[in-house]
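The values are calculated or read from the model by the stated rules, or taken from the named source; none is laboratory data. Not measured: the values here are computed from a predicted model. Cβ: placed from backbone, ideal geometry, glycine included. Neighbour counts: every protein chain shown. When the accessible area is computed, the model is the full protein with side chains, heavy atoms only, and any ligands, DNA or RNA have been set aside. Shrake-Rupley method; radii C 1.70, N 1.55, O 1.52, S 1.80 Å.
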Amino acid sequence: MADARVYGMLLRAGMAGQTTYRASFVLEVLGTAFGVGLDFIEVFAVFHQVPSIAGLSFTEVVLVFAISSTGFATADLLVGQSDAVIQHVRSGTFDVVLLRPLSVLGQLAAADLQLRRLGRVAVSLVLLVAVLTRLDVDWTAARVAMLAIAPVAATVVFGALFVVAGAVSFWLVEGTEVTSALTYGSGYLGEWPTAVLSPVLARFFTFVVPAAFTGYLPALAILGRSDPSGLPDWLPWASPLAALLAAVAAGLLWRSGIRHYVGAGG
């Protein structure tokens, strides 16, 4: 109960600071929403040139985009702050976080929650609801369950990648480019069918960096389609398991990073 009060205080302090200048805050929210629109325009542009991608129509690719974008936006809102660990390490303020008898990741998430990212979450959800009204799907209980689970699993996968990016910062002090490629690069790839990639890259972004489980594979399960690159038909239904494995791996790496950290004073 005491921990919840501390997290609540951190959240309220962060929210108060961000909403003090309301006009600026509204513009920032609109800016993140506009960012999703720009990404979506790219889908339009590609389908202006080709009738399908990896056997999927425009509406079906939009489903991939919407599931993945919803997961990425939610993960970015909740734990996207973890990739800013490097700034705390450089400034020495990470020692202050360690002194509190609370979860380090929980403190970072609560204190640095960026409400402006709600704009991206809202637009992604609207897009997901809109595309569902245009899909011709034979809805079964399993597909409805996958539709409900897919955005949550995508959030967990992307959240795990943000945590991994933060953990890597304990070893790579100048590794911002690497960690951004892992998080934002995976976020971009997750919005497209990975079957368009070469077989090696497609397998890498399925079994090493599980970006395919954030949009493409759940969409195949919902649509009742098979992957044209030869992935087994049961794999699209394994998104919850992939999310669980990603979360466990990220948690272990994060704990290892915390133990590796020796503080500003050595």
| query | Once all Cα-Cα distances of the chain are split into 10 Å bins that start at 0, what whole-number percent is in each one? | reply | 7, 28, 33, 21, 9, 1, 0
| note | Using eta = 0.692 mPa s and T = 37 °C, Stokes-Einstein with Kirkwood Rh from Cα pairs puts D for region 130-266, in µm² s⁻¹, at 205 µm²/s
| Mind ordering 60-73, 186-199, 123-136 by average Cβ neighbours within 10 Å, highest first? | 60-73, 186-199, 123-136
| request: Any chance you could tell me what percent of the C-alpha pair distances in region 12-156 go past 19 Å? | output: 62 percent
| field | Calculated [θ] (222 nm, deg cm²/dmol) that DSSP helices of n ≥ 4 give over the chain, each run adding -39,500 (n - 2.57) | value | -22000 deg cm²/dmol
| message | With a 1.4 Å probe and all protein chains kept in place, how do 259, 5, 203 rank by accessible area, largest first? | response | 259, 5, 203
| message | Take residue 30 and residue 234, extend 7 Å from each Cα along the Cα→Cβ direction, and tell me the distance between the two endpoints in nm. | response | 5.1 nm
| query | Once both axes come from the Cα atoms, what is the angle between helix 176-189 and the longest principal axis of the chain, in degrees from 0 to 90, rounded to 10? | reply | 30 degrees
| Roughly speaking, to the nearest percent, how much of the chain's 1.4 Å accessible area is carbon and sulfur? | 68 percent
| query | Size of the dipole of the chain about the Cα centre, Lys and Arg at +1 and Asp and Glu at -1 on the beta carbon, nothing else charged, in debye to 20? | reply | 620 debye
| request: Can you give me the three principal axis dimensions of region 23-91 from its C-alpha atoms, in Å, biggest first? | output: 51, 29, 17
| field | Size of region 186-239 as Cα extents on the principal axes (Å, biggest first) | value | 23, 20, 17
| task | Can you tell me the order of 218-226, 247-255 when each peptide is scored by its average per-residue count of other Cβ atoms within 10 angstrom, highest first? | result | 218-226, 247-255
| task | Specify the angular offset, from 0 to 90 degrees and rounded to the nearest 10, of the alpha carbon long axis of helix 58-79 from the longest principal axis of the alpha carbons in the chain. | result | 10 degrees
| Once the Cα atoms of helix 22-47 and of the chain are each reduced to a long axis, what angle between those two axes, in degrees from 0 to 90 to the nearest 10, is obtained? | 30 degrees
| With the dipole of region 1-96 worked out from charges on the C-beta (+1 for Lys and Arg, -1 for Asp and Glu) around the Cα centre, which of 37, 58, 7 lies farthest toward the positive end? | 7
| Tell me, what is the percent relative contact order of the chain, built from C-alpha pairs under 8 Å that lie six or more residues apart? | 27 percent
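Compare 7, 184 by solvent-accessible area with a 1.4 Å probe and give them largest first, with all protein chains kept in place.
Numbers: 7 60, 184 95 Å².
Result of the area sort, largest leading: 184, 7.
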